[in-house]
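Engineer: Input: one structure, supplied below.
No lab work stands behind these numbers, since they all come straight from the coordinates. From a predicted model like this one, the values you see are computed outputs, not experimental measurements. No Cβ is skipped: glycine too gets one built from the backbone with ideal geometry, and neighbour counts run over all protein chains shown.
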Amino acid sequence: MKKILILLMMITVATSCTEDEGSMNEVEENSEQPSESIENSLALRATLENMKDLEGLEGRSPQDQLCFQFDYPITLSYNDDSTVEVTSYNQLLNLLLDETVALHIVGIQYPFDIIQDASNQTIADESEFQTLINECGYDYVDVNEVVGITEDCFTVDFPITVLINDEAETFTSQAEAQEFYLNYSGTIESINFDYPFTVTMTSDDSQMSINDDYELVNLIEDICNIE
């Protein structure tokens, strides 16, 4: 579950974020009544991975063990651009069981509702969703630790573009990203990759294309065997 967020901090964010605060604030002011839209979501993938970790797809533990529950129905999208309306927790677990590298969930329709501590809350966009998963304790790992964990398996091929608070930023080195994280991590409300990007495998110098968050998790957990 943590693995997307771990890798994310290793390779994300350009220092120009602070220069764009005015435009970011303007976006926030105009987003009080969001229209319905299906968007790829890093927060969704982190949530789904957390469900797998906590629930155990074979054990079917009670859903009240989760930090929050979706207020069904919700609409999810797949990497082939198809969509599905999910009407129950058990249906969602079955969809997770059926995920493969070839076909997997990548997005969710905003806005959607959740139930947390017996109260309802509307999640309007990716920024609010990422805030929610942070509050649920989906902990980040120090960026320097991340570099040590992943460098034995792969390195990211720069330049790379990320969406920071819905603003596209391109940067050219890992050192630049690390420096920003150490100094400006508190200014980030939401962050997503602009897929695809490539990584170089340490074992044989071959390149691998990463097309979405599921493939990123697959790289880290299944190929690199990072727990």
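Engineer: Any chance you could list the semi-axes, whole Å, largest first, of the equivalent ellipsoid that the Cα gyration tensor gives for the stretch 33-135, using √(5λ)?
Structural biologist: 19, 18, 12
Engineer: Further, regarding this structure: Any chance you could run the full-extension gain for ASP80 through GLN65? It's 0.36 nm times the residue separation minus the Cα-Cα distance, nm to one decimal.
Structural biologist: Extra length from ASP80 to GLN65 when fully extended: 2.3 nm.
Engineer: Please list the non-local residues whose amide H lies under 5 Å from the amide H of PHE193, H modeled 1.01 Å from N, same-chain partners needing a gap of 5 or more.
Structural biologist: LEU163
Engineer: While we're on this one: With each pseudo-label sitting 7 Å past Cα toward Cβ, what's the SER119-ASP157 distance in nm, one decimal?
Structural biologist: 4.8
Engineer: Search the structure for amide H atoms under 5 Å from the amide H of PHE112, placed 1.01 Å from N in the peptide plane, and list their residues when 5 or more places away or on another chain.
Structural biologist: Here ILE123 satisfy the definition.
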